[in-house]
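These notes are about the structure you will find just below.
The numbers here are math on the coordinates, done by the rules we state, and not lab data. Everything numeric here is computed off the predicted structure, so don't read it as measured data. Note that we place each Cβ from the backbone using ideal geometry, even for glycine, and neighbour counts take in every protein chain shown.
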């Protein structure tokens, strides 16, 4: 298949592009920056996800889309909510609209396990909204999709915005193991190679119109991970837990939460429905006579 990977120059996107190429697919990467990892058999198109013209030039040539472009940094989304709306919602809808126009066979959308939790701040809000647009496009225009909800990724090409890379890099350069959260934190880490292979596997028709959670099999206690890191780096210093209140971040991997139910408001007195209907009729009759 001819497959477009938006955000294909990034950490996860670049690995997914590689995994698709290894399976024999023709891959086009669409990103606002060049990829230092682009293979010779991949094509790179530079462009912004909110630029419909640039998007259209590549989407009209492909069979399927892996939509990985957007604002992926939770902390940045918390500080700049408008950017999360612009890239994660508007960028997604513009891509969906072009996918509909050119009858794309499958729209594979990168989301997050945050969507059904109370954490994640504006990042969660934007990803939840994007999911709902994907679902509604499928319902209205019969577009096949797969939504991928990723957990904690780690592996080659990750920069310091990713938790594990930040911790390990700091430990190597300073000789100290520092963690912003608490020793009670738990993650279900998944290696990016495994996540990328999973992304290719969901091209199977049995994953049409499904929501797939891609996360690790094991629950990893941060305390155990950090102790192991100290051993591997021969660090004798005591682990520093900052115990910061990390806005938007979770302590234990979130999957579900109870939505807030609306409380119905009752007026002490209200206009009778049929009396209100008579007002509408009489008003429109007066308008007709003018």
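Highest average first, the peptides 160-169, 32-41, 209-218 ordered by how many other beta carbon atoms sit within 10 Å of their residues are 160-169, 209-218, 32-41. Using the Stokes-Einstein relation with a Kirkwood hydrodynamic radius computed over Cα pairs, the translational diffusion coefficient of the stretch 1-133 at 20 °C and a viscosity of 1.002 mPa s comes to 145 µm²/s.
Summarising the label geometry, the points placed 7 Å from Cα in the beta-carbon direction at residue 118 and residue 76 lie 2.9 nm from one another.
Contact order, relative form, for the stretch 19-163: 20 percent (alpha carbon pairs under 8 Å, 6 or more residues apart, mean separation divided by residue count). Compared with the dominant Cα axis of the chain, that is its longest principal axis, helix 91-101 is turned about 70°.
With the biggest extent put first, the Cα atoms of the stretch 98-173 measure 52, 28, 15 Å across the principal axes. Taking a ≥ b ≥ c as the square roots of the eigenvalues of the alpha-carbon gyration tensor, the chain is classed oblate because a/c is 1.5 or more while a/b is no larger than b/c.
If you line up the long axis of helix 163-174 against the longest principal axis of the chain, both from Cα atoms, how many degrees apart are they, to the nearest 10? Tilt of helix 163-174: around 30 degrees.
Its DSSP H runs of at least 4 residues, each contributing -39,500 (n - 2.57), put the calculated 222 nm mean residue ellipticity of the chain at -12000 deg cm²/dmol, to the nearest 500. In percent, rounded to a whole number, the relative contact order of the chain is 16, using alpha-carbon pairs under 8 Å and six or more apart. Taking every Cα-Cα distance in the stretch 1-63 and sorting them into 5 Å bins from zero, the calculated P(r) comes out as 4, 21, 34, 24, 14, 3 percent. Just to confirm the number: angle between the C-alpha axis of helix 11-22 and the first principal axis of the chain, 0 to 90 degrees, nearest 10? Compared with the principal axis, the helix lies near 80 degrees.
Taking every DSSP beta bridge that has both ends in the chain, the antiparallel portion is near 5%. The peptide list 56-65, 219-228, put in order of mean Cβ contacts within 10 Å with the highest first, becomes 56-65, 219-228. Over what distance in Å are the Cα centres of the stretch 1-55 and the stretch 215-242 separated? Using only Cα atoms to place each centre, the spacing works out to 34 Å. Within the stretch 121-250, the proportion of C-alpha pairs whose separation exceeds 25 Å stands at 39%.
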